[in-house]
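The values are calculated or read from the model by the stated rules, or taken from the named source; none is laboratory data. From a predicted model like this one, the values you see are computed outputs, not experimental measurements. Ideal geometry is used to build each Cβ from the backbone, glycine not excepted, and the neighbour counts take in all protein chains shown.
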Amino acid sequence: MARERPSFLRRLRSIEEIGAVAGLLSICVLLWLSTGEKFANPSNLLQVARQGSSYGILSVGMTLLLAMGEIDLSVGAILTLVNVVTAIALREGTPMPLAVFLGLALGTSCGFLNGLLGVALRIPTIIVTLGTLSVFRGLALVFSNATAVANFSKESLLFQLGSRSVLGLPTGVLVMLLVGGAGHVLLKHTAFGWRLQAIGSNAQAARFSGISLPRYRVAAMTLMGLISGIAGVMELAFLQSGSPTTGQGYELYVIASVIIGGTALAGGRGTIVGALLGALLIAVIRNGLVLLELSAYWGTAVTGAVIIAAVAVGNLVKKQ
Amino acid sequence: MPPLPCIAFDKVCKKFEGIAALRNVTFDVLPGEIHAVVGENGAGKSTLMKLLAGVHQPDSGELRMRGQSVRLDSPSRAQDHGISVVFQELSLFPHRSVAANLFIHRELASSWGWLDVAAMRSEATRALTDLQADIDPDARVDSLTLAERQLVEIARALQQRSRVIILDEPNSALNEAESQRLFAILRTLRSEGVTALYVSHRLEEVFDLADRISVLRDGEFQGTFETSRTTIPAIIQAMVGGPLDQAFPPRLGRLAPEPVVLEIQDLIQGPELGPISFTARRGEILAFAGLEGSGVDELFRALFALDGPARGELSLQGRRLRQRTPGEAMRNGWALVPESRREQGLMTEKSLSANITLTILERLRNALGLMSGRRVDDSASDAIREFGIVADSVEQSVGTLSGGNQQKALLAKWLSTKPGVLLLNDPTRGVDVGAKREIYALCRRLAAQGMTILVASSETDELLGLADRILVLAKGRIRNEFQAGEATKSVLLRAMIHGGLMLPESPIDG
């Protein structure tokens, strides 16, 4: 059997998600040992998964973007804007399906605008979205008068599902898995996804190969907008209100999820499975800090440290 | 007793990725002379200069300065030895002022650490006046003309009290008057004991300026000639060397001429290129020859619409083409194998199969419209077999292949689109002799099947051996045409060199 060990190790190293898997397992074991049943019981675990699903849904789109060498900082702000506007639409008496459609269309438009601005004005996406992050968040505050929008009927299917479980899983987790599955197929099994990765790997060679860089950039940003819209609607379904303060700082957790998952910041490849595991890891850490009865402020600091550790472990394992 | 050579190269060798760029180069440069280094594209001139600049280090052999062995393992070490380089690609900081550029890394400062801007400005003014250059030291470098920037580079070299100045194709961007002023400056410097190494294609100027001329060919030193005792034809003979080797498969005898399928009419792109008109036949290998900056690269880019739509008419098989993007060019049946395979051609971290199939992804989808892994692998395996690519599997990443196999992968990537017109820009750059032969044989085979091939190369041998017809470009236009067998290497080289000089020079705008 001695001959097979190196090949097993090498195969282990070639798994892109190895950092996220190692990080997730070790943190879970640590929490289980230190808090026991408080952590390792079904209802807590499902709660953790629900928390991770917001980052998780967004991380699907972000994986596509990082794979093509782009980055979107406005995802959290689009989520907030969609969340607030959909709530306002419901408050004004719009039927639920139409309100949801409006929200998704708004998210898609925001993404399209991000892509278009970058291409038309020749500004890097990271700069464009640094700007639109403030614009979208500002609009959410203006539209909502900076207060929660909650005075609408919660009888519709959206809110029935939002706070419950389907097939034993919280609805948010289910949506995350659906979006993730679609994103995975798109990235790994379509010409579109292969070309995104080609652009991230060598943009000049992609251009020489007849791939229109502006078109793909706008398409990917638009898709990110749609996904942010989905996340915004799910946030509304869970919170049962439109909140102008939700989604703050999500962009950093989402980018961290994707990188912990094993997607290269430099582009060229991506893994959506890894990104979802990364999102889960971040949710576990935040849950663990609550269970350990540490101050919420520590949560922010510890999360950052764990992000660096997870990426470093992933790199170490691969280089060995 | 003769003076100690200022610089001596002793059996200097340098390889890149296993390909010899310099082989046992041995010659002396005397103090206070203007010494020209000439050779064809790819002869090793720039590599030799980069050894002196400390950019590259020799694999074996020795560099001596005034009898002392030196190791120039970094650009700053080269500067410490009094060597300055004015490169083809200007190495100034475009957003900073002239004065700031002159004192980069040697800033004048007061004892408190404050920069002494006034002193730097007055020093800069003096240095520029010494060169009779009327340049404002506060001007931003990107507001200067190319000629002025070149003068700033020379001023910087002199500021560093360099004893050796290397000029690598310094005047490819200069007009006649500016060149003459540069030469006057070099002569003045020579009288002050500064040694100049001067790399150029333009032999007339070399004869006008240099005291001695050293010739390189295929990385080997061919001899140093006293300018007063040699002639331009003798130097060209030394640059060109013996007869062609036998790497090229014979041309096909054709019974009847094939029809003209490709017509280019008044193609213009930007101020550098055109108008250019030519036709090509089915199954013809049409070569484009020209020195750096002659417009050959630009022509290929324009044909493939890489810089946006070009003016002029393109028609293929009697059908007028609309070709505004590379994607449209591909759909029209064009393929471009670019000159730089690592930058423009391949995704080096990705697998062979991902690279080879990138241009034909649509064709490899299954009934659901998803990428079929089996079809992708089959297609890549077929290409690997067909083009004789040596690799462990289709999953091997392209960056780990040898240069020759990378080049074959690049060809496979483009030939899998089954193009009607194939543009090959430097198809054998940095590949070994064996792979070269295979690529030549492949070109012949494709032409025999009816593909029209347009080829450019940095090696004139390749153009002569491969082409049915050769068009010579200079300054963005076609200057000469040769049929296969009509041109010899020295005739072609002369046409390339003279083609550019026979034209009235146009002043260069900043």
Quick one: in the range B:64-117, which of the residues that are of a type in the set (S, T, N, Q), touching a helix residue (DSSP H, G or I) at 6+ places or on another chain (Cβ under 8 Å) and assigned to a loop (DSSP other than H, G, I, E, B) is nearest to B:D138 (Cα to Cα)?
B:S91
Against the condition closer than 19 Å to B:A484 by Cβ, touching a residue at least 60 places away in the same chain (Cβ under 8 Å), surrounded by 22 or more Cβ atoms within 10 Å (Cβ to Cβ) and of a type in the set (A, V, I, L, M, F, W, C), how does B:I285 come out, does it pass?
yes
Which one of these is in contact (Cβ under 8 Å) with a residue 60 or more places away in the chain, crowded, with 16+ Cβ neighbours inside 10 Å and in a loop (DSSP other than H, G, I, E, B): A:F159, A:F136, A:F152?
A:F152
I'm checking my understanding of the structure. Among residues of the range A:1-44 that are modelled with pLDDT of 65 or more, charged (D, E, K, R) and part of a loop (DSSP other than H, G, I, E, B), which one is surrounded by the fewest Cβ atoms within 10 Å (Cβ to Cβ)?
A:E16
Out of curiosity, is A:G288 touching a Leu at 6+ places or on another chain (Cβ under 8 Å), modelled with pLDDT of 85 or more and not in a loop (DSSP other than H, G, I, E, B)?
yes
Mind listing just one residue for me: the one in the range B:348-361 that is outside any helix (DSSP H, G or I) and within 10 Å of another protein chain (Cβ to nearest Cβ) and, of those, nearest to A:Q197 (Cα to Cα)?
B:K350
Step by step: first the residues of the range B:362-394, then only those that are touching a strand residue (DSSP E or B) at 6+ places or on another chain (Cβ under 7 Å) and at pLDDT 90 or above, then the one that is farthest from the other protein chains (Cβ to nearest Cβ). Which residue is that?
B:V394
Strands (runs of 3 or more DSSP E) fully within the range B:161-239 counting 3 or more residues that are buried (at least 16 other Cβ atoms within 10 Å of the Cβ), in contact (Cβ under 8 Å) with a residue 60 or more places away in the chain and among the hydrophobic types (A, V, I, L, M, F, W, C):
B:164-168, B:195-199, B:212-217
Restrict the check to the range B:360-383 and report whether at least one residue is in contact (Cβ under 8 Å) with a residue 40 or more places away in the chain, surrounded by 16 or more Cβ atoms within 10 Å (Cβ to Cβ) and outside the structural domain of B:P271 (by TED's automatic domain parsing).
yes
Modelled with pLDDT of 90 or more, within 14 Å of chain B (Cβ to nearest Cβ) and crowded, with 16+ Cβ neighbours inside 10 Å, is that true of A:L196?
yes
Within 14 Å of chain A (Cβ to nearest Cβ) and acidic (D, E): which single residue out of B:D297, B:D266 fits that description?
B:D297
Single residue of the range B:28-52 satisfying the filter (buried (at least 21 other Cβ atoms within 10 Å of the Cβ), in contact with a helix residue (DSSP H, G or I) (Cβ under 9 Å, 6 or more places away or on another chain) and in a loop (DSSP other than H, G, I, E, B)) that is modelled with the highest pLDDT:
B:G39
Got a sec? Which of B:A127, B:A133, B:A147, B:A155 is part of a loop (DSSP other than H, G, I, E, B) and under 19 Å from B:R187 (Cβ atoms)?
B:A133
Can you pull out the residues in the range B:259-282 that are among the small types (G, A, S) and surrounded by fewer than 17 Cβ atoms within 10 Å (Cβ to Cβ)?
B:G270, B:S277
Being basic (K, R) and over 17 Å from B:P31 (Cβ atoms) narrows it down to one residue among B:R190, B:R126, B:R161; which is it?
B:R126
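Condition check ((1) modelled with pLDDT of 90 or more; (2) surrounded by fewer than 19 Cβ atoms within 10 Å (Cβ to Cβ)) across all residues:
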position	(1), (2)
B:T400	no, yes
B:G403	no, no
B:A409	yes, no
B:R429	no, yes
B:Q449	yes, yes
B:A467	yes, no
B:I478	yes, no
B:E486	no, yes
B:S490	no, yes
The residue that is farthest from the other protein chains (Cβ to nearest Cβ), considering only those in the range B:320-347 that are modelled with pLDDT under 90 and assigned to a loop (DSSP other than H, G, I, E, B), is B:E339
Based on this model, can you work out whether B:V431 counts as touching a residue at least 60 places away in the same chain (Cβ under 8 Å) and in a loop (DSSP other than H, G, I, E, B)?
yes
Is it true that some residue in the range A:251-266 is of a type in the set (S, T, N, Q), crowded, with 17+ Cβ neighbours inside 10 Å and modelled with pLDDT under 90?
yes
Identify all residues within the range B:396-432 that are within 20 Å of B:L306 (Cα to Cα) and of a type in the set (A, V, I, L, M); write none if there are none.
B:L410, B:L411, B:L415, B:V421, B:L422, B:L423, B:L424
If you go through the range A:167-181 one residue at a time, do you hit one that is surrounded by fewer than 16 Cβ atoms within 10 Å (Cβ to Cβ), within 14 Å of chain B (Cβ to nearest Cβ) and of a type outside the set (D, E)?
yes
How many residues does the range A:32-55 hold that are small (G, A, S) and touching a Ser or Thr at 6+ places or on another chain (Cβ under 7 Å)?
0
Would you check if B:L424 is within 25 Å of B:P257 (Cα to Cα), in contact with a Ser or Thr (Cβ under 9 Å, 6 or more places away or on another chain) and outside any helix (DSSP H, G or I)?
yes
Selection over the range A:112-159 where residues are among the polar types (S, T, N, Q) and within 24 Å of the chain's Cα centre (by Cα) yields a count of 5
Count of residues meeting criterion [crowded, with 24+ Cβ neighbours inside 10 Å, over 17 Å from A:I307 (Cβ atoms) and of a type in the set (A, V, I, L, M)] in the range A:267-280:
1
Checked B:T400, B:T325 against criteria (free of Cβ contacts under 8 Å to residues at least 24 places away in the same chain, in the same structural domain as B:I439 (by TED's automatic domain parsing), out of contact with any Phe, Trp or Tyr (no Cβ under 7 Å at 6 or more places or on another chain) and of a type in the set (S, T, Y)); the one match is B:T325
Please verify whether A:Q204 is crowded, with 20+ Cβ neighbours inside 10 Å and within 9 Å of chain B (Cβ to nearest Cβ), treating the condition exactly as stated.
no
